[in-house]
Amino acid sequence: MKMSSLKKYAALLLVLLVPSLIWAEGARETETEEIQASQARYVFLFIGDGMALTQINAAEAYLKARQNTSVGVEKLAFSQFPNQGLTTTYDAGSFITDSASAGTAIATGNKTLSGVINMDTSKSIKYTTIAEMAKAAGMKVGVISSVNLDHATPACFYAKEASRNNYYNIGVQLAHSNFDYFAGGMLRLDKTPQGQKNVHEIMAEKGWLIASNREELQALRPGNRQVYAYSKGFAGNALDYAMDMKADNISLAEYTSRGIELLDNENGFFMMVEGGKIDWACHANDAAASINDTIAFDNAVKEAVDFYNRHPEETLIIVTGDHETGGLSLGFAGTKYDSAFTEIGRQKMSFEAFDHYVLKPFKQNNPTGSLAQLMPEIRKNFGIDSLSPYESELLEKAFNASMKGVGEDEESYLLYGGYEPISVTLTHILNNRAGLAWASYSHTGVPVATFALGVGGELFNGYYDNTEIFQKAATVLGLGVPVLASR
Ligand SMILES: [Zn+2]
């Protein structure tokens, strides 16, 4: 055979071979072809629940204003990450997602209906999560949240349920998971069906190490036992709002740094950390609580950044939100082009603490009390001294609604959103004075911001859907691509 025809033959052989090679590797090869990235041994996924650009920017504007210097922003640790993108959040049934469908998208790459945890829209197919894939690949896995660990976002990393409200089933799946570290808000034992073992009992039987305070958390040593570390706040199973925390409260950052120490091993780890109460603060239209929890969330990110600085060639940190909550805007009709973010600093406790520590006893002790009697507490906790006639009218009306009960009418909902009328009116007044406004007590459909630092971080630049966070993270973890799991 002559040289030229040999060349031709080789070229033909190549043409014939290439498609069959691709075919033989299946969908996995064709998908990964598009995105080439190095692999990371340690991957952190931080999710600020209800945190979009305005929640981040409000925290940054407040931090800058507090320094008493010029107008501007004091950036958070994660908003300085070199890779940044915008992420759409709509789900399979609604442009405005909830945390269950958003968590499913981020954890599995699949769109589903609001309220559904890791199942398809017909609620018959179960999806495998990125955390389960990482565990199957030999890595250690941690799931951390400032809200109860059976809440929608953390549940999306280990459970499959037709409804996020099936707390007991979700908790049982947590107990039967093979993950290494769960930390944060306590599981909802109050949802245990009559005659069944509660999830703490199931975990104890299965040999989990359970730490319910700081001493027990600090005493834990790296090993093979599964760990569940929890605490609960004064108002429920979640941790307290950051602005209400006392010295003996364990913060999201402390659970994160302990998690890093316990999970660090040569096969690597995957860790999801949720700032869950940013969302709850925004549902209640409380900017001070949202800003302080966003800063607390950033403090947890800083623990991961410290780890990254020790392992820069092997670590990826992703920070995103699952959706926006509250329709927060920087700018209010009444303040036009002005803002006064330092006003937020006048608030000394969250709406939740005000309801619990001030309003509840006030109502009990003064069932026929007046707004004037409550004013000293309002002055102390919200820094509101004098009221304009318009504010005064709003507050008087809200006080009466809090004392005598709220109607089910449209106006009552628009004014108070099902919250304590006096508390939500106080945060509205203070937030508006600062130049912040709210459009909703629910989620909104605006995109969230996504940030990345470290190995493969460049994949997170651009404008993409929340399902792609799964694909990008799975690529960097070397897990291949998203596939449907068995029925
Ligand atoms: Zn929410």
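For residue 121 and residue 348, FRET efficiency with R0 = 51 Å and r from the beta-carbon atoms, rounded to 0.05?
Using R0 = 51 Å, I get an efficiency of 0.65.
Largest first and in whole Å, what are the equivalent-ellipsoid semi-axes of the stretch 330-437 based on the Cα gyration tensor, each being the root of 5 times an eigenvalue?
Over the Cα atoms of the stretch 330-437, the semi-axes work out to 23, 17, 12 Å.
Under a plain spin-label model, where a point goes 7 Å from the Cα along Cα-to-Cβ, how far apart in nm are residue 458 and residue 338?
With each label placed 7 Å out from Cα toward Cβ, I get 4.9 nm.
Using DSSP H assignments, which helices in the chain have an axial alpha-carbon span of 27 Å or above and a mean Kyte-Doolittle hydropathy of 1.0 or higher?
Working: long enough: 3-25 (33 Å, 1.27); 287-310 (35 Å, -0.08).
Span-like helices here: 3-25.
Let's see if you can work this out: charge +1 on each Lys and Arg Cβ, -1 on each Asp and Glu Cβ, no other charges. What is the dipole magnitude of the chain about its Cα centre, in debye to the nearest 20?
Around 840 debye, computed over the chain.
Once you have the Cα-Cα distance between residue 400 and residue 446, take 0.36 nm times their residue separation minus that, and quote the gain in nm to one decimal. It would help to have the intermediate numbers written out before the result.
Values: separation 46, 0.36 × 46 = 16.56 nm, distance 3.51 nm.
Residue separation times 0.36 nm, minus the Cα-Cα distance, leaves 13.0 nm.
Under the definition of Cα pairs under 8 Å and six or more residues apart, what whole-number percent is the relative contact order of the chain?
After rounding, I find 27 percent.
Classify the stretch 226-299 as rounded, prolate or oblate, taking a ≥ b ≥ c as the square roots of the eigenvalues of its Cα gyration tensor: rounded when a/c is under 1.5, otherwise prolate if a/b is larger than b/c and oblate if not.
Prolate is the answer for the stretch 226-299, as a/c is 1.5 or above and a/b outweighs b/c.
Students often check this: by mean Cβ neighbours within 10 Å, which of 366-373, 106-113, 94-101 ranks highest, and how do the rest follow?
Top to bottom by mean Cβ count within 10 Å: 106-113, 94-101, 366-373.
Helix-derived [θ] at 222 nm for the chain: sum -39500 (n - 2.57) over DSSP H runs of at least 4, divide by residue count, nearest 500?
Computed ellipticity for the chain at 222 nm equals -12500 deg cm²/dmol.
I'd like the accessible area for residue 120: 1.4 Å probe, protein heavy atoms, all chains in place, Å² to the nearest 10.
Counting only protein heavy atoms, residue 120 exposes about 20 Å² to solvent.
Between residue 67 and residue 201, what FRET efficiency follows from the Cβ-Cβ distance if R0 is 56 Å, with the result rounded to 0.05?
So the FRET efficiency works out to roughly 0.65.
Roughly how big is the stretch 330-437's charge dipole about its Cα centre, with Cβ charges of +1 (Lys, Arg) and -1 (Asp, Glu), in debye to the nearest 20?
Values: 10 positive and 14 negative charges, 89 e Å.
Rounded to the nearest 20 debye, it is 420 debye.
Under the classification rounded if a/c is under 1.5, otherwise prolate if a/b is larger than b/c and oblate if not, where does the chain fall, given a ≥ b ≥ c as square roots of the Cα gyration tensor eigenvalues?
prolate
Give me the percent relative contact order of the stretch 330-437, please, defined on Cα pairs under 8 angstrom at least 6 residues apart.
Normalised by residue count, the contact order of the stretch 330-437 is 50 percent.
Round to a whole number: what % of the accessible area of the chain belongs to carbon and sulfur, probe 1.4 Å?
52
Filter the GluC sites (Glu not before Pro) in the stretch 309-391 to those in DSSP coil with at most 13 other Cβ atoms within 10 Å of their Cβ, and list the result.
Details: sites: 313, 314, 324, 343, 352, 377, 391; in loops: 313, 314.
When the GluC sites (Glu not before Pro) of the stretch 309-391 are filtered for loop state and at most 13 Cβ neighbours within 10 Å, 313 remain.
How far is it, in nm, from the label point at residue 388 to the one at residue 75 when both lie 7 Å from their Cα along the line to the Cβ?
Computed distance between label sites residue 388 and residue 75 equals 3.6 nm.
Can you work out the accessible area per residue across the chain, with the rest of the protein chains kept in place, probe 1.4 Å, in square angstrom?
Heavy-atom accessible area per residue stands at 43 Å².
Please name whichever of 371, 334, 416 sits farthest to the positive end of the charge dipole of the stretch 330-437, dipole taken about the Cα centre and charges placed at Cβ: Lys and Arg +1, Asp and Glu -1.
The Cα lying farthest towards the positive end belongs to 371.
Putting +1 on Lys and Arg Cβ atoms and -1 on Asp and Glu Cβ atoms, find which of 83, 429, 249 reaches farthest to the positive end of the dipole of the chain.
Checked the options; the winner is 83.
If r is the Cβ-Cβ distance from residue 357 to residue 411 and R0 is 30 Å, what FRET efficiency results, to the nearest 0.05?
With R0 = 30 Å, the Cβ-Cβ based efficiency is 0.55.
The values are calculated or read from the model by the stated rules, or taken from the named source; none is laboratory data. In this text, all values refer to a predicted model and were calculated from it rather than measured experimentally. FYI the Cβ positions are ideal-geometry reconstructions off the backbone, even for glycines, and counts take in every protein chain you see. Side chains included, ligands, DNA and RNA excluded: accessible areas come from the protein's heavy atoms. Shrake-Rupley method; radii C 1.70, N 1.55, O 1.52, S 1.80 Å.
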